[in-house]
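The values are calculated or read from the model by the stated rules, or taken from the named source; none is laboratory data. The structure displayed is predicted, hence computed values, not measured ones. Glycine gets a Cβ as well: all are built from the backbone with ideal geometry, and neighbour counts include every protein chain shown. Note: accessible area is taken over every heavy atom of the protein model, side chains too, but ligands, DNA and RNA are not part of it. Shrake-Rupley method; radii C 1.70, N 1.55, O 1.52, S 1.80 Å.
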Amino acid sequence: MPQWLTRFKPEAAQRAHLLLAAVMWATIGTMLSFFGVRWLLHADSPLLIWLIIAAVLLGAVKAVFVLRRAARRVVSRIQMRGDHRCVGGFLSWRTWIAVVIMMGAGWVLRHAGLPLSVLGVIYLAIGAALLLASSVLWRAWWRHTGEARTASP
């Protein structure tokens with residue numbers, strides 16, 4: 001990176017990177033869950049409660065088998081990189097590209113003409129998965145925060 005650009009690079013400690021990752025996952029999970037539930041309520045389906053239960057269960061499965069592993073990779077990346085690294089670097093370039101692709105997929109789903117009940121189940125399942133898996137990031141941040149408190153005089 002050119003020297004002049006390095007001067008303007010926003011840096012942060014590991015603790016801030018962990019917090020950013022946890023907040024990002026939890027915020028996106030909350031938003032997706034909110035829209036999922038809202039669309040399910042507007043679908044006015046007699047199976048509403050079962051659709052919500054199914055979506056949350058699907059989300060839990062995805063969290064356990066896919067997203068917790070991804071969250072552990074994010075924690076590992078942050079810890080390996082150390083302090084005073086670029087703020088946006090808490091995710092790799094590859095992961096940022098995946099985020100953009102997922103945002104595009106969400107746009108396509110919303111404009112595909114799917115019934116609200118289907119859209120609601122998909123959004124709630126993904127939101128629940130992100131919320132559940134964000135616990136890995138929150139725990140890592142909490143542990144790191146506790147280490148920082150005990151290390152300071």
Tail fraction, Cα-Cα pairs, the chain, threshold 28 Å, whole percent:
32 percent
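I'd like the carbon and sulfur percentage of the solvent accessible area for segment 70-153, probe radius 1.4 Å, heavy atoms only, ligands and nucleic acids excluded.
Values: 3590 of 5220 Å².
Ligands and nucleic acids excluded, carbon and sulfur give 69 percent.
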For segment 1-52 and segment 87-119, what is the separation of their Cα centres, given in Å?
11 Å
Kindly express, to the nearest 10 degrees and within the range 0 to 90, the angle between helix 48-62's C-alpha long axis and the longest C-alpha principal axis of the chain.
30 degrees
5 angstrom amide H check on R85, placed H, neighbours 5+ away:
A12
Kindly express, to the nearest 10 degrees and within the range 0 to 90, the angle between helix 116-151's C-alpha long axis and the longest C-alpha principal axis of the chain.
20 degrees
Cα-based shape type of segment 10-84, given that a ≥ b ≥ c are square roots of the gyration tensor eigenvalues and the cut on a/c is 1.5
oblate
Got a sec? Charge dipole of the chain, +1 on Cβ for Lys and Arg, -1 for Asp and Glu; which of P115, W138, V100 is way out at the positive end?
W138
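Using a 1.4 angstrom probe on the protein heavy atoms only, line up F65, F35 by accessible area, largest first. If you can, show how the numbers build up before the last one.
Details: F65 130, F35 70 Å².
Sorted descending by solvent-accessible area, the residues read F65, F35.
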What is the local net charge at A12, summed over the other residues whose Cβ is closer than 11 Å to its Cβ (Lys, Arg +1; Asp, Glu -1)?
+2
